[in-house]
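Chemist: Here it is: the structure, laid out below.
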Amino acid sequence: MVDLEDLKGVIASEMENSVSDELVSKKRIALDYYEGRLPAKPDTAGRSGVVSTDVSDSIEWLLPSIISSLTGRCVRFMPMSQMDEDQAQLEEELTAFAFNEDNNGFLAMYEAVKDALLVGVGIMKIWFDDTPERSVEHYTGLDDNQLQALLGDSQVEVTEISRSETEGIAVTASRIIRQGRVRVEAVPCEEFRISSDASSLNVEEARFVAHTTRRSASDLLADGYDPEAIENAQDGYLDREIGEYNMPSHLGDSEKQIVTTQAWMHYDINDDGVSELVCVTYLGESNPTEVLDIQEVPCIPFVAMSAIPMPHQFRGVSIFERLREVQDVKTAILRTTLDGMYYQNHKRVVAVEGQINLDDLLVNRPGGIIRAKSPNAIQELGGNFFSGEAMQLLTWADSQKDSRVGVNPMGTGSNSLESNDSSHGVERIMSAREMLVQMMVRACGETGLKPAYTMVRDLLVRYQTTPTSWKFRGAWQSVSPSTWGDRSRIRVSVGTGTTDDQMKMGALQQVFGIQQQLMQDPMNPLVDYSKMYGALNDMAKIADLGETDKFFFDPQSQEGQQFAQGKQQQAQQQSQEAQQQQMQQLEMQQAALQSQMRIAEAENIKANAAMENGRMKNEVEMIKSQSQQQIDALEAQLKALKDNNDQDLKRAELQAKTALELTKIEVQ
């Protein structure tokens, strides 16, 4: 049985000896310097009250470099073995989503980093919130079956049912979703306390940690705390308010704001002689009035970061502390310079009493007339205006600011060295200033972001029992963080903002060019498409283009493998078509060759035939000649015969005529 009075006494003692009071006092002064309220304005009327805002300027210059470096893919989960590479990347993506997307990770990181720059330490609280989410729903026009289905829903709590003959059944219900999630928020230092002997930024090593907030009575009742204790609790203020807080007077009892504290401490609640890490929730702050809950917990849900950590101390050095003297000096120089300028334009005068009109003298306006009885009645007091020396002092103060925090409005280079012929000197100075900023970025990443990602992952493993859908390597799958194993290898990779991203992008482009050259060699043993995809993936991440699968297929994803198989099949089909085309071309070439051979053979035959025709023609001519000779001889013979026949015919005709004449004679 826990002795509550003894527990309250221990808590009160720890709260009294915590180091948060020092943090709160420093934050008040730092805010005054940041907002330009300090150094204080002079009480003397007519003196310049201008304030140089070096603290706020430097913090705002540093924030973009730090935040842009910490909001990208700067935390890597290292695989424990070759088989663990995909699992490490899956856990890294899901953890980054829980930190940045499921929560407002940017705002939490921004506030914590700004606290670290302003106060010396920024604090984030990371816990698993299993508070049920309740939403009111209204249904109308239901029938009995639909009403029974609604009553049977385990996530619905029906609060009102009304029936109407014309409109059916109307139901008012509350839908309760009991799926918790990891919560991340920045904690202001006035709400946070830690034991005075805390010697590092690792909050887990602290003996005592407390977080005080205002919570409404309704929220406390929803968490299941004692209603009587909440009803008797009084409205209150935090012991260490920063700024003004006016307690609203019109709030009802349910919205009554109650100061509630959660304290994490090592305390023996089992009376076994061994202290357990417990979380005690109670009403009040420095002096507990009512203990609401005591439970044993596995860890302290806080992460502390610092841009300039100090060894063996919980709080680091802030930018405010680095530049406080610079702002004081520049403010004094500016005020003195402006006072000198005012004095130079409106000098003090010595006036002879009774010789001038004092009303005219007191009215100082351009071209004004001062009535005097003699020219020597008014004399100006002398004085010198040292504007050149003042500008030199301001330049020196700016150089001090630049060397202390590594940034200035014109960039990280040095104007005095830019005009020098030594370009290597400029590179060295720029490199040194960039390294100073990069060291701050790295410190914030190592002390804040790395333990934050570790805590988010551990909470997912410990409490996220419901599987969630996640797209990994182009394929959707069901992921159950409760089945993840140990992950102790986590690495932080940060740069210095846009300049560092440009350098990384240039280096990746060179690597990708070398990979392309190596891929042209089919025997290269160094690069495959997975390695090239890795380079393209890093380029897309640095350029903040979103998911890489919008532009490229992951060769190891199911979609990428299907695409590769399709490309292989397409290549095989194209190869087969090319082979078929080659075969067709070969067959056409063979057919053309055969045709050419047949044409050549025909030409040969034609040539042989022509030669044979020539020979035969000669023979025919010879035969024709011989025949012609024979014909000529026959014609000669025939002619000769004809001549002979003509003579015989004439002889016969003559004989016949003679005979006829003889006959006529005889007849006569």
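The values are calculated or read from the model by the stated rules, or taken from the named source; none is laboratory data. Remember, predicted model here, so these are calculated numbers, not experimental data. Here Cβ is always computed from backbone atoms with ideal geometry, including for glycine, and neighbour counts include all displayed protein chains. With ligands, DNA and RNA removed, areas are computed over all heavy atoms of the protein, side chains included. Shrake-Rupley method; radii C 1.70, N 1.55, O 1.52, S 1.80 Å.
Quick grid of which residues meet (1) modelled with pLDDT of 85 or more; (2) farther than 23 Å from Ser48 by Cβ; (3) surrounded by 10 or more Cβ atoms within 10 Å (Cβ to Cβ):
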{"position": "Glu353", "(1), (2), (3)": "yes, yes, no"}
{"position": "Gly382", "(1), (2), (3)": "no, no, no"}
{"position": "Arg404", "(1), (2), (3)": "yes, yes, yes"}
{"position": "Asn408", "(1), (2), (3)": "no, yes, yes"}
{"position": "Asp421", "(1), (2), (3)": "no, yes, no"}
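Chemist: Identify all residues within segment 48-105 that are closer than 21 Å to Ala186 by Cβ and assigned to a loop (DSSP other than H, G, I, E, B); write none if there are none.
Modeler: Hits for segment 48-105 are Thr71, Gly72, Cys74, Glu101, Asp102, Asn103, Asn104.
Chemist: Which pairs do you get when a residue that is over 16 Å from Gln327 (Cβ atoms), found in segment 33-46, comes within reach of a residue that is open to solvent by 90 Å² or more (accessible area, probe 1.4 Å), reach meaning Cβ atoms under 8 angstrom, with the pair 6+ apart or on two chains?
Modeler: Gly46/Tyr342
Chemist: Considering only residues of segment 541-563 that are of a type in the set (Gly, Ala, Ser) and within 22 Å of Leu94 (Cβ to Cβ), which is most open to solvent (accessible area, probe 1.4 Å)? Even if it seems obvious, please write down each step before you answer.
Modeler: Keep residues of segment 541-563 that are of a type in the set (Gly, Ala, Ser), which gives 543, 546, 557, 560.
Now restrict to residues that are within 22 Å of Leu94 (Cβ to Cβ): 546, 557, 560.
Working: Gly546: 37, Ser557: 5, Gly560: 4 Å².
Checking each candidate, the answer is Gly546.
Chemist: Tell me, which residue of segment 250-271 that is under 20 Å from Glu5 (Cβ atoms) and outside any strand (DSSP E or B) is farthest from the chain's Cα centre (by Cα)?
Modeler: Asp271
Chemist: Restricting to segment 315-333, name every residue that is buried (at least 19 other Cβ atoms within 10 Å of the Cβ) and within 31 Å of the chain's Cα centre (by Cα).
Modeler: Hits for segment 315-333 are Arg315, Gly316, Ser318, Ile319, Phe320.
Chemist: Moving on to the next point. Return the residue satisfying two criteria in turn: it lies in segment 121-143 and is touching a Phe, Trp or Tyr at 6+ places or on another chain (Cβ under 8 Å) and surrounded by 13 or more Cβ atoms within 10 Å (Cβ to Cβ), and of such residues it is nearest to Leu220 (Cα to Cα). Please lay out each step first, then the result.
Modeler: Going residue by residue through segment 121-143, those that are touching a Phe, Trp or Tyr at 6+ places or on another chain (Cβ under 8 Å) are 121, 123-126, 128, 130.
Next, only the ones that are surrounded by 13 or more Cβ atoms within 10 Å (Cβ to Cβ) stay: 121, 123-126, 128.
Working: Val121: 30, Ile123: 24, Met124: 22, Lys125: 19, Ile126: 20, Phe128: 17 Å.
Per the criteria, the residue is Phe128.
Chemist: So Gln576 ticks every box in (1) of a type in the set (S, T, N, Q); (2) surrounded by 11 or more Cβ atoms within 10 Å (Cβ to Cβ); (3) more than 30 Å from Lys471 (Cα to Cα) but one. Which box is left unticked?
Modeler: For Gln576, the failing item is (2).
Chemist: For Ala571, all conditions in the list (1) of a type in the set (A, V, I, L, M); (2) more than 21 Å from Leu90 (Cβ to Cβ); (3) in contact (Cβ under 8 Å) with a residue 12 or more places away in the chain hold save one; what is the number of the exception?
Modeler: The failed condition is (3).
Chemist: Among the listed residues Gln569, Gln556, Gln630, which satisfies the condition of being at pLDDT 80 or above and among the polar types (S, T, N, Q)?
Modeler: Working: Gln556 fails: at pLDDT 80 or above; Gln630 fails: at pLDDT 80 or above.
Checking each option against the conditions leaves just Gln569.
Chemist: Let me ask something else about it. Could you say whether any residue in segment 184-199 is in contact with a Phe, Trp or Tyr (Cβ under 8 Å, 6 or more places away or on another chain), open to solvent by less than 30 Å² (accessible area, probe 1.4 Å), over 30 Å from Pro481 (Cβ atoms) and of a type in the set (Ser, Thr, Tyr)?
Modeler: yes
Chemist: Could I ask something else about it? Being at pLDDT below 90 and among the aliphatic types (A, V, I, L, M) is the requirement here; does Met78 meet it?
Modeler: yes
Chemist: Surrounded by 10 or more Cβ atoms within 10 Å (Cβ to Cβ) and modelled with pLDDT under 75: does that describe Ser595?
Modeler: no
Chemist: Here's another thing I want to ask about it. Would you check if Ser58 is under 30 Å from Ile542 (Cβ atoms), open to solvent by 40 Å² or more (accessible area, probe 1.4 Å), of a type in the set (Gly, Ala, Ser) and touching a residue at least 40 places away in the same chain (Cβ under 8 Å)?
Modeler: no
Chemist: Among the helices (runs of 4 or more DSSP H) confined wholly to segment 297-408, which include 2 or more residues that are closer than 30 Å to Gly36 by Cβ?
Modeler: So the answer is 319-345, 387-405.
Chemist: Another question, if that's okay. Can you tell me which residues in segment 1-46 are open to solvent by 40 Å² or more (accessible area, probe 1.4 Å), part of a helix (DSSP H, G or I) and of a type in the set (Ser, Thr, Tyr)?
Modeler: Within segment 1-46, Ser13, Ser25, Tyr34 meet the criteria.
Chemist: While we're looking at this one, here's another question. From the list Val274, Val280, which residue is at pLDDT 90 or above and not in a loop (DSSP other than H, G, I, E, B)?
Modeler: Values: Val274 fails: not in a loop (DSSP other than H, G, I, E, B).
Only one candidate qualifies: Val280.
Chemist: Would you mention how many residues in segment 156-179 are surrounded by fewer than 15 Cβ atoms within 10 Å (Cβ to Cβ), in contact (Cβ under 8 Å) with a residue 24 or more places away in the chain and not in a loop (DSSP other than H, G, I, E, B)?
Modeler: The total comes to 5.
Chemist: Those residues that are over 12 Å from Ile169 (Cβ atoms) and either assigned to a strand (DSSP E or B) or of a type in the set (Asp, Glu) (or both), I need them from segment 139-153; list them, please.
Modeler: Answer for segment 139-153, where residues must be over 12 Å from Ile169 (Cβ atoms) and either assigned to a strand (DSSP E or B) or of a type in the set (Asp, Glu) (or both): just Asp153.
Chemist: Evaluate segment 497-507: report whether one residue or more is surrounded by 17 or more Cβ atoms within 10 Å (Cβ to Cβ), within 16 Å of the chain's Cα centre (by Cα) and not in a helix (DSSP H, G or I).
Modeler: yes
Chemist: Considering only segment 355-374, how many residues are touching a helix residue (DSSP H, G or I) at 6+ places or on another chain (Cβ under 9 Å) and open to solvent by less than 100 Å² (accessible area, probe 1.4 Å)?
Modeler: 5
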